[in-house]
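Report on one structure; see the data block that follows.
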Amino acid sequence: MAKTIMAKTTTKSNGAQTVSTGAETVAQILERERDPLIHEWLGLVEKQEDLMTIKLSYEDRTGHLPQLLADVIARLHLDSSTKAPISVAASHHGDLRRKQGYSVAMVVEESRLLQVCLFTTLHKNTKQLDYAKLLPDVVTIADEVDAQLKQQMLRYMAANAVGAKPKVH
């Protein structure tokens, strides 16, 4: 059975009509659900034995997420023709995870879990979603999280290359 979205038509002062569904954008939902999303992500991370081999405090494990999520939300606000900026937070996160002893596979797994949490959050809020923009926004989220992962890996590998160089006496 198809769902019906109730729409309200209003008339602007210039006579133009607009339709409001009362729905929220994906960005609005992610902004509102940021803290629960971080806690859900941590719960998923804590179920991954390989990730839990690195003992970290709550802040050390999740401290990067508010800025990475802010970058995702900022990307959702951009016009689709605008080139997305490189996430500085992702670069720092790649450096941090390398210093903390993470493997490449562990960083990739954290990123995958972030996408799972982002999409689960949207699923939990389907009644509030603006469906007209949902699929393009899902594509944007996936692209942004993957771009962040790429930036993390570039910094991770660059730090490894610097660390692997022999010392000159």
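A few points about this structure:
- Beyond 24 Å in Cα-Cα separation lie the following of the pairs Lys99/Lys124; Lys47/Lys127; Lys83/Lys127; Lys83/Lys133: Lys99/Lys124; Lys47/Lys127; Lys83/Lys127.
- Amide proton proximity set for Leu129, modelled H, under 5 Å, gap of 5+: Glu24
- Taking the number of Cβ atoms within 10 Å of each Cβ as an exposure proxy, the fewest-first ranking of Met157, Met106 is Met157, Met106.
- The stretch 24-164 - percent relative contact order, Cα under 8 Å, separation 6 or more: 41
- Fewest-first sequence of Asp130, Asp137 by Cβ atoms within 10 Å of each Cβ: Asp130, Asp137
- Note on Asp60 and Val139: with the Förster distance fixed at 30 Å, the Cβ-Cβ geometry gives a FRET efficiency of about 0.40.
- Label sites at Lys127 and Lys83, each approximated as a point 7 angstrom past Cα along Cα to Cβ, lie 4.4 nm apart.
- What the phi angles of the stretch 39-53 give under the Karplus curve with 6.51, -1.76 and 1.60, with θ = phi - 60°, is a coupling list of 5, 5, 4, 4, x, 5, 4, 5, 8, 9, 4, 5, 5, 7, 5 Hz, glycine and proline written as x.
- Order of Glu31, Glu49 under a 10 Å beta carbon neighbour criterion, fewest first: Glu49, Glu31
- Summarising the label geometry, the points placed 7 Å from Cα in the beta-carbon direction at Ala70 and Asp146 lie 2.6 nm from one another.
Just so you know, all these numbers are worked out from the coordinates, no wet-lab data involved. Predicted, not measured: the structure shown is a model, and the values here were computed from it. Neighbour counts are summed over all protein chains in view; Cβ atoms, including those assigned to glycine, are modelled from backbone coordinates with ideal geometry.
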